[in-house]
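Novice: Quick one: the structure is below, and I'll ask about it shortly.
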Amino acid sequence: MSNEVLASVSNSTKRKDPNFNKEVFEKKVQQHISCGYDKKLAEWKVMQDYNTNFFNKLFDRKLKNTKTDKNGYYC
């Protein structure tokens with residue numbers, strides 16, 4: 001099987017995070033890039049902030065139990 005077919009099959013079995021917004025993700029990555037991060041590090045930083053609920057920690061809210069990848073699917 002080609003990589004494209006495998007990727008489409010694996011994505012079809014994954015659940016999508018309803019709270020994940022790809023446009024917001026890309027915007028935040030671009031903000032980090034403009035501050036001097038490279039693309040890979042910027043994506044990692046934004047995903048870490050999203051998956052650890054950085055802002056929820058500040059307000060003592062419950063942390064997320066699941067992780068989301070950069071395409072919005074649960075890992």
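Bear in mind these aren't lab numbers, they're just calculated from the coordinates by the rules spelled out. Predicted, not measured: the structure shown is a model, and the values here were computed from it. Here Cβ is always computed from backbone atoms with ideal geometry, including for glycine, and neighbour counts include all displayed protein chains.
Novice: Quick one: what are the phi-derived ³J(HN,Hα) couplings along the stretch 18-30, Karplus 6.51/-1.76/1.60 with θ = phi - 60°, whole Hz, x for glycine and proline?
Specialist: x, 8, 7, 10, 4, 5, 5, 4, 4, 5, 5, 4, 5
Novice: Hey, rough spin-label estimate for Q30 and R15, points 7 angstrom out along Cα→Cβ, what's it come to in nanometres?
Specialist: Placing both labels 7 Å beyond Cα along the Cβ direction yields 3.2 nm.
Novice: Still on this structure: Check Y73: other-chain or 5+ apart residues with amide H under 5 Å from its amide H, H built from backbone geometry?
Specialist: D17
Novice: Now for a different question. Neighbour counts of other C-beta atoms within 10 Å: give me V29, V24 arranged from fewest to most.
Specialist: Going from least to most buried by this count: V24, V29.
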